[in-house]
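Values in this text are rule-based calculations from the coordinates and carry no lab data. Since this is a predicted model, take the numbers as computed values, not measurements. Ideal geometry is used to build each Cβ from the backbone, glycine not excepted, and the neighbour counts take in all protein chains shown.
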Amino acid sequence: MVENQTPKAVCFPMLKGGFGKSTFVSTLGGILGKVRGHNTLVIDLDPAGHLSTGLGYYTRESSSATDLSDVLLGDEPLEAIVKNPGHGFDFIPSLNLDSVTDDLSKDSVLASDLKMKQEIVDKTLGDRYEYILFDVPGTRNKLTNNAVVAAPNAILPLMPKPEALNGLRETATRLVGPIRSQLGEFTILATVPNDLSARIDHQTSDRKLLEAMNTQESFAALLLAGRDGVDARSGTLPDDIDLETVLDEHIPPFARIRADEWDAIDAGEIDAPKPPIRHTAAIGKAYEQREPLPSYDPENPQLEHFGEIADIIERGRIIQ
Ligand SMILES: Nc1ncnc2c1ncn2[C@@H]1O[C@H](COP(=O)(O)OP(=O)(O)OP(=O)(O)O)[C@@H](O)[C@H]1O
Ligand SMILES: [Mg+2]
């Protein structure tokens, strides 16, 4: 059990589809809620609703059904839309979200971006819920804005694909930077490599991702987007900021590979590690069975590492 836990709202706002946001949300919801017994609420804000489908919910009902609009902009209580999928956490499925976005857009810009914070997080976090997790779409809309304002703690999964760093750049410069400049504190709790499968002692895409994350100043600059003196677009850190410290604060220990380790790997002096999160067939099967991974396959070896991410959420920071 992690010491100094504080209730927290967490979002997964990568502006790029398919790196594992929904997988992380359902898996971490299961760990925080079912395995650790925290009162946890998971909210699917993606109109595509993959997370909802993966938990057995339909994403479209008649527009007369009570939905998020009625809670954010009307008088309906939260209870009217909260479901219990039976995996240790409460759940608000993706329902009629295109019309929710339209309804929010009718309000003034600032007021409409505060609704999720005011109507859900401020009313329940630290009281009814210890953790609230927001799954967001891979493109930006009103609900993404609401999520980052309501949940100023982010987990960013990255897959070893050519577009990964571009996805992070978009997220950092278009979302995180502006939010920090306008609203103040916004914490990236962790960036996490996901779906790894290859060796890292050869020039594989896994190696390229891990090496970029663990060595590049431009990667670190993106993580600090919007902070005083940081120009994320230029890719450089201010002189008084230490690259290794920034990386230590944003990469979980299981994926942190330092310069001397890369040298030792390349010299063949140590066996190349196989860092998590690994490609895991059970993740797809759990989805097909409409269950989060901790319910579908409680003994799955990758859950240990998702547990380390849950520790980071509980603690609010990484300890190397
Ligand atoms: N570690 C993993 N091992 C195997 N499959 C994975 C892993 N992580 C994610 N996947 C699969 O990759 C696909 C994309 O993952 P997921 O839906 O979680 O991403 P996403 O960021 O939420 O995407 P979108 O933006 O489209 O909602 C899914 O089919 C998921 O099952
Ligand atoms: Mg998703």
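Would you mind ranking 109, 246, 176 by Cβ crowding within 10 Å, fewest neighbours first? Display every interim value, and only then the final one.
Working: 109 10, 246 18, 176 27.
Ordered by Cβ neighbours within 10 Å, fewest first: 109, 246, 176.
Counting other beta carbons within 10 Å of each residue's own, what order do 52, 64 fall into, fewest first?
Numbers: 52 26, 64 7.
Listing 52, 64 from fewest to most nearby Cβ atoms yields 64, 52.
Using a simple spin-label model with points 7 Å from Cα along the Cα→Cβ vector, what separation in nm is obtained for residue 242 and residue 4?
Label-label distance for residue 242 and residue 4, simple model: 1.8 nm.
Work out, step by step, the length gained on full extension between residue 290 and residue 231: first 0.36 nm times the residue separation, then minus their alpha carbon distance; give nm to one decimal.
Values: separation 59, 0.36 × 59 = 21.24 nm, distance 4.27 nm.
Length gained, residue 290 through residue 231: 17.0 nm.
Do any GluC sites (Glu not before Pro) in the stretch 31-129 lie in a loop, going by DSSP, with at most 10 other beta-carbon atoms within 10 Å of their beta carbon, and if so which? Mind showing how you got there, number by number?
Details: sites: 61, 79, 119; in loops: 61.
Within the stretch 31-129, no GluC sites (Glu not before Pro) qualify (loop, at most 10 other Cβ atoms within 10 Å).
What is the percent of Cα-Cα separations in the chain that go past 36 Å? The partial results should precede the final answer.
Working: 8077 of 51040 pairs.
Tail of P(r) above 36 Å: 16 percent of Cα pairs.
With only Lys, Arg, Asp and Glu charged, each at its Cβ (+1 for the first two, -1 for the last two), find how big the charge dipole of the stretch 268-320 is about the Cα centre; round to the nearest 20 debye.
Using only the charged Cβ atoms, the result is roughly 200 debye.
Using modelled backbone amide H atoms (1.01 Å from N, in-plane), which distant-in-sequence or interchain residues come within less than 5 Å of residue 188's amide H?
Long-range HN contacts for residue 188: 154.
Residue 218 to residue 35: extension gain in nm, 0.36 nm per residue of separation minus the Cα-Cα distance?
Values: separation 183, 0.36 × 183 = 65.88 nm, distance 3.71 nm.
The residue 218-residue 35 span can extend by a further 62.2 nm.
How much net charge surrounds residue 316 when only other residues with a Cβ under 13 Å from its Cβ are counted (Lys, Arg +1; Asp, Glu -1)? Walk me through the intermediate numbers first.
Values: positive: 8, 315, 317; negative: 3, 130, 185, 249, 311, 314.
Once all neighbours under 13 Å are counted, the net charge is -3.
In the structure shown, do any of 21/285; 8/123; 16/83; 142/208; 21/123 have a Cα-Cα gap over 22 Å, and if so which? Kindly include the intermediate steps, with their values, before the conclusion.
On the way: 21/285 17 Å; 8/123 13 Å; 16/83 28 Å; 142/208 34 Å; 21/123 25 Å.
Check vs 22 Å cut-off fails for 16/83; 142/208; 21/123.
Round to the nearest 0.05 the FRET efficiency obtained for residue 108 and residue 263 when R0 = 45 Å and r is the Cβ-Cβ distance.
Details: r = 55 Å, r/R0 = 1.23.
With R0 = 45 Å, the Cβ-Cβ based efficiency is 0.25.
Using each residue's phi in the stretch 104-110, evaluate 6.51 cos²θ - 1.76 cosθ + 1.60 at θ = phi - 60° and report the 3J(HN,Hα) Karplus result to the nearest Hz, with x for Gly and Pro.
Result, rounded to whole Hz: 4, 5, 6, 7, 5, 3, 5.
Name the residues whose placed amide hydrogens come within less than 5 Å of the amide hydrogen of residue 92, ignoring near sequence neighbours (fewer than 5 apart) on the same chain.
Sorted by chain and number, the residues that satisfy this are 42, 43, 44, 83.
Which percentage, to the nearest 5, of the DSSP beta bridges contained in the stretch 1-150 is antiparallel? Show your work: numbers first, answer last.
Working: 1 of 15 bridges.
Percent antiparallel among DSSP bridges in the stretch 1-150 is about 5.
To the nearest 500 deg cm²/dmol, what mean residue ellipticity at 222 nm is calculated for the chain from DSSP H runs of n ≥ 4 alone, each contributing -39,500 (n - 2.57), summed and divided by the residues? If you can, show how the numbers build up before the last one.
Details: 15 runs with 116 residues, N = 320.
That calculation yields -9500 deg cm²/dmol at 222 nm.
Pull out a ≥ b ≥ c, the square roots of the eigenvalues of the alpha-carbon gyration tensor of the stretch 171-297, then state rounded if a/c is under 1.5, prolate if not and a/b is larger than b/c, and oblate in the remaining case. List each step's numbers first, then the result.
Numbers: a/c = 2.67, a/b = 1.23, b/c = 2.17.
Judged from the Cα gyration tensor, the stretch 171-297 comes out oblate (a/c at least 1.5, b/c at or above a/b).
For the chain, what proportion of DSSP beta bridges, expressed in % and rounded to the nearest 5, is antiparallel? Please report the intermediate quantities before stating the final value.
Working: 2 of 24 bridges.
Once the DSSP bridges in the chain are tallied, antiparallel ones form about 10 percent.
Using amide H atoms built in the peptide plane, which far-off residues or other-chain residues are under 5 Å from residue 231 H to H?
Sorted by chain and number, the residues that satisfy this are 236.
Each residue of the stretch 11-18 in turn: what ³J(HN,Hα) in whole Hz from Karplus with 6.51, -1.76, 1.60 and θ = phi - 60°, glycine and Pro shown as x?
Values per residue, Gly and Pro as x: 10, 10, x, 5, 7, 6, x, x Hz.
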